[in-house]
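The values are calculated or read from the model by the stated rules, or taken from the named source; none is laboratory data. Computed from a prediction, not measured in an experiment: that's the story for all the values here. No Cβ is skipped: glycine too gets one built from the backbone with ideal geometry, and neighbour counts run over all protein chains shown.
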């Protein structure tokens, strides 16, 4: 029996462990940190051996195959040692894809992955396809392949970290939403390496597969011009560049392959960034065989994605927006650009080598106060401290909410759009967003009038 070792006992690792057990491997899960109780319960349910708070070399180096959770960098000592002795290391999405013959639509990019993935899934579901959604959304891909309903289609959100460890993973349709500087700390601050990581999504594709990319993203456009891409290439653009093979916007309408699909005014999610997401998801669904009227119907009713420009509440005339998923500068640019009210900006966390220069004009124009939410806010202060006269530092979500509320006036917006990862103070970006929303609800309880609350 072949021995499968999984590094990391989170959603990805546990899903891979369950699939490995199902496929007849001798499975062992090893996590340098603590494994959450509900994941330990799953491992025990399937009689899977595991350890936490350590990596026992005796177990690891007997492995025939290793699956590395995406959160573990290659520079970690045990990963280096395993590579030095030529132990095969793959990602969970690579492993899961080996055990399904489903049609795969995979979405990566620096911004818009979650929204585009959700839109694509909702369109295919509305069209009656037997479709699942996974990757960085919901249950892991591997867990769904192992114990979920058998699917004919999967729509997957995949990160550069997951793509780094693929070997044969080949989506039928790949989407690259855009490529802007992000996670550069994982790539030795080399933007070229990060870009190459994103484009691994297409490395195994053939002429029978499709790659969808944003023609307005110079990095993607330059890469595709310089490199050999085997897949059929389809583009999307909001700059009214008509294309016979792709999506574009012109005179307030969205077109696919020169055919008008929907009025942009009818899109339920507003803003240029959501126009891009709609074009990418609609184009993918179109290539998968979904009729235009179904695409139009879904794009006109799809709801905002939790943690992405999510309206939380209007408290005493002050609007609160949760954009905790904006963990890079480019995402924050879109958030600031979309605001029409004076902003109290909640920003900060674990910096990834950010260059904030692209935000300067928007911050000068729109931000009246900055509230830092991070363990170390020195870089934020160095960049924006002299530009913005009101600058406060906090280290909990409730303090950030209360300070921001006291700085804001009726007609202002408090925008959590951090530009940084959450790992200095929180487990992940979602926990940061949930605690932000909970703090707003607690604040509202102390006030006599709350005008409006979102669905969260």
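What to note about this one:
- Options 307, 273: the member that is under 29 Å from residue 197 (Cα atoms) and not in a helix (DSSP H, G or I): 307
- Leading residue by the ranking (farthest from the chain's Cα centre (by Cα)) among those in region 131-155 that are at pLDDT 95 or above and either on the phi > 0 side of the Ramachandran plot or in a helix (DSSP H, G or I) (or both): 146
- Among the candidates 221, 266, the residue that is assigned by TED's automatic domain parsing to the domain that holds residue 165 and in contact with a helix residue (DSSP H, G or I) (Cβ under 9 Å, 6 or more places away or on another chain) is uniquely 266.
- All positions within region 397-412 that are touching a residue at least 40 places away in the same chain (Cβ under 8 Å) and surrounded by fewer than 20 Cβ atoms within 10 Å (Cβ to Cβ): 398, 402, 407, 409, 410, 411
- Total residues in region 119-130 satisfying the condition of being surrounded by fewer than 24 Cβ atoms within 10 Å (Cβ to Cβ) and either part of a helix (DSSP H, G or I) or touching a strand residue (DSSP E or B) at 6+ places or on another chain (Cβ under 7 Å) (or both): the figure is 5.
- Residues satisfying the stated conditions in region 167-188, i.e. assigned to a loop (DSSP other than H, G, I, E, B) and either in the same structural domain as residue 333 (by TED's automatic domain parsing) or within 18 Å of the chain's Cα centre (by Cα) (or both): 171, 177, 178, 179, 180, 181, 182, 183
- Flag for residue 325 being in a loop (DSSP other than H, G, I, E, B), at pLDDT below 95 and under 21 Å from residue 176 (Cβ atoms): yes
- Within region 368-393, the set of residues being surrounded by 15 or more Cβ atoms within 10 Å (Cβ to Cβ) and within 20 Å of residue 316 (Cβ to Cβ) comprises 368, 369, 371, 392.
- Helices (runs of 4 or more DSSP H) (entirely within region 11-72) containing at least 1 residues that are in contact (Cβ under 8 Å) with a residue 60 or more places away in the chain and crowded, with 19+ Cβ neighbours inside 10 Å: 11-22
- Residue within region 421-436 that is in contact (Cβ under 8 Å) with a residue 60 or more places away in the chain, surrounded by 15 or more Cβ atoms within 10 Å (Cβ to Cβ) and assigned to a strand (DSSP E or B) present: yes
- Criterion violated by residue 302 - all others in (1) in a loop (DSSP other than H, G, I, E, B); (2) under 22 Å from residue 423 (Cα atoms) satisfied: (2)
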